Amino acid sequence: MAGRTSKPTVGALPDTAAESSLVPVALTWLAWSLFAASVVALFARLRFGFAPEITGLVAVDGLTALMWVVVSFFGGIVHSYSRRYMAGSAHETKFFLAVFGFVTVVMTLVAADHLALFGLLWLAMGLVMAELIGVVDGWEQARAAASVARALLPREQRLRASRWR
């Protein structure tokens, strides 16, 4: 490639020394705390038969505890990676709140022991995913993708989602 020069396509890392919200830090610690608590719950389930429940609403069995470990682990990974990636972004706090909300909704969803609660949490999960897809309001492609994600929801869920906007 003699005689050709290429422009670098990678910019400088964001300035992490700039003032940033404490929300990403707090939610990252909370996400990893959820992981630790999930590991403890799984261990307690396997070793001592720990199985708390609110009859007819939520129940924690072995599969629920295992899913909590998996979901909270990946939630912690996303939070940790995103702290550097999103540093300095104007959408940082909104993104971290949405990711943490998604993790907590999914963890509650897997413990749901009532069809109505499961349906409500399924709706919430879809809405939070659409919010994550369109986290940058000024980005036309993100808004379009979020609209498509919301359009894939059943009609009743779209009506509820339009009221939340």
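Sub-6 Å Cβ pairs linking a first residue in the stretch 38-62 that is under 13 Å from Ala111 (Cβ atoms) to a second residue that is among the aromatic types (Phe, Trp, Tyr) and surrounded by 15 or more Cβ atoms within 10 Å (Cβ to Cβ), at least 6 apart or interchain, are Ser38/Trp68, ordered by first then second residue. Restricted to helices (runs of 4 or more DSSP H) entirely inside the stretch 35-153, those with at least 2 residues that are closer than 28 Å to Leu22 by Cβ and among the β-branched types (Val, Ile, Thr) are 62-85, 92-111, 115-133. Residue count for the stretch 81-94 under the criterion of being within 15 Å of the chain's Cα centre (by Cα) and surrounded by 15 or more Cβ atoms within 10 Å (Cβ to Cβ): the result is 7.
For every residue, the table says whether it meets (1) at pLDDT below 90; (2) more than 21 Å from Ser33 (Cβ to Cβ); (3) polar (S, T, N, Q).
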{"residue": "Thr55", "(1), (2), (3)": "no, yes, yes"}
{"residue": "His91", "(1), (2), (3)": "yes, yes, no"}
{"residue": "Val105", "(1), (2), (3)": "no, no, no"}
{"residue": "Ala111", "(1), (2), (3)": "no, no, no"}
{"residue": "Leu117", "(1), (2), (3)": "no, yes, no"}
{"residue": "Leu132", "(1), (2), (3)": "yes, yes, no"}
{"residue": "Trp139", "(1), (2), (3)": "yes, yes, no"}
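The values are calculated or read from the model by the stated rules, or taken from the named source; none is laboratory data. The structure displayed is predicted, hence computed values, not measured ones. Because the Cβ atoms are built from the backbone with ideal geometry, glycine has one as well, and the counts that use them run over all protein chains shown.
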